[in-house]
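Here's the structure we're looking at; comments come further down.
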Amino acid sequence: MNWHEYIHSDKTVLLGKPILKGTRLSVEFIIERLADGWTEQQLLENYPRLTKEHLKAVFSYVAECMEDGLMHELPPKVV
């Protein structure tokens with residue numbers, strides 16, 4: 001999946017956060033909804049401009065960020 005076809009950044013939209021093309025939804029927003037327990041179907045129903053390809057691109061984008069070391073390392077868990 002080439003996430004570049006579905007995700008871009010524009011300084012004039014959401015302060016330059018990566019957003020899904022054709023929407024004003026940020027990658028961060030989608031990940032937050034999924035972390036809150038939303039399903040793919042709920043996202044697609046609530047945001048009609050969103051497509052399954054957009055969602056695949058979000059995962060591809062996040063995976064690439066992790067591979068490139070762009071994600072922050074988690075602090076050690078205190079027991």
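The values are calculated or read from the model by the stated rules, or taken from the named source; none is laboratory data. Note that the structure is predicted; figures quoted are calculated from it, not measured. Ideal geometry is used to build each Cβ from the backbone, glycine not excepted, and the neighbour counts take in all protein chains shown.
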request  = Go through region 34-49 residue by residue and tally those that are touching a Ser or Thr at 6+ places or on another chain (Cβ under 6 Å) and buried (at least 17 other Cβ atoms within 10 Å of the Cβ).
outcome  = 0
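So, in region 5-27, of the ones that are assigned to a helix (DSSP H, G or I) and modelled with pLDDT of 95 or more, which residue ends up nearest to the chain's Cα centre (by Cα)?
Val27
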query = Pick from Thr51, Thr23, Thr39, Thr12: which is more than 19 Å from Cys65 (Cβ to Cβ) and either touching a His at 6+ places or on another chain (Cβ under 8 Å) or in contact (Cβ under 8 Å) with a residue 60 or more places away in the chain (or both)?
reply = Thr23
query = Does region 34-79 hold any residues that are modelled with pLDDT under 90, part of a helix (DSSP H, G or I) and of a type in the set (Lys, Arg), and which are they?
reply = none
task = Check off (1) of a type in the set (A, V, I, L, M, F, W, C); (2) part of a loop (DSSP other than H, G, I, E, B); (3) exposed (fewer than 15 other Cβ atoms within 10 Å of the Cβ) for Ile31 and give me the number that stays unchecked.
result = (2)
